[in-house]
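The values are calculated or read from the model by the stated rules, or taken from the named source; none is laboratory data. Not measured: the values here are computed from a predicted model. Ideal geometry is used to build each Cβ from the backbone, glycine not excepted, and the neighbour counts take in all protein chains shown. Surface areas here come from the heavy atoms of the whole protein model, side chains and all, with no ligands, DNA or RNA. Shrake-Rupley method; radii C 1.70, N 1.55, O 1.52, S 1.80 Å.
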Amino acid sequence: MLCLLLLSGCLGKPGPSEEYLRLGQAGPCQDAQPGERHGVALRKLRVVEALDRQSVQLSEGRILLPSQRYYWESAPGRMAESAVAAALECSKSLTPVWPVRYDSAYAMGVTGVVERFEVQTREMAFVAQAVFQAWDASGGRLLGSRSVFVSVPLGSLDAQAIATAGAQGLERLGAEVRAWLEGLPPQGKGK
């Protein structure tokens, strides 16, 4: 009987509380100006299978462990897409076409793969890496490819610090993709 009472006390404890980290964009940009802007079809980004989940991936050297406490507000691919779309909204020459529909018109398309999206516990940093490809409007000719790597230091390993570093990292990732795409010539209208 005593054992049952002791076990019931141990088994009745709640697990760690889940915290969802919001990385949403800062708001409307001030840089974009009215005028002719070419559409960029932002296709759904693929994600390395181990990262395609909402749990924050904690990296210790070469080992990734999913956090049982911290969760992103969305999967990394969707957050990276959103960051690129927000950056394109601030472009003077480009505008995002996202989500892409069958009747969407655009000058070029973008595909990509998110290869890293993690919190490095030894280095105390948020790290993201993705490879992007730009295609002509028909999707048949590769215009260019770009690997983007961002690293943002963490002051501490808590929810607020991780969310802040993640938001800054995604903003940098989006800005780098925007700058790269602005340097590519638009290829006409397409579907």
Test of understanding: extend the Cα→C-beta vector of residue 17 to 7 Å, then name every residue of segment 49-79 with backbone N under 16 Å from that spot. 68-71
With the crude spin-label approximation of a point 7 Å out along Cα→Cβ, what separation in nm comes out for residue 113 versus residue 60? 2.8
Return a whole-number percent for the relative contact order of segment 39-144, with Cα pairs under 8 Å and 6 or more residues apart as the contact set. 34
Averaged per residue, the 1.4 Å probe accessible area of segment 70-191, protein heavy atoms only, in Å², is roughly 43
Quick one: pull the percent of accessible area on segment 89-168 belonging to carbon and sulfur, 1.4 Å probe, ligands and nucleic acids left out. 52
Inverting the mean 1/r over all pairs of different Cα atoms, compute the Kirkwood radius of segment 47-127 and quote it in Å. 14.5
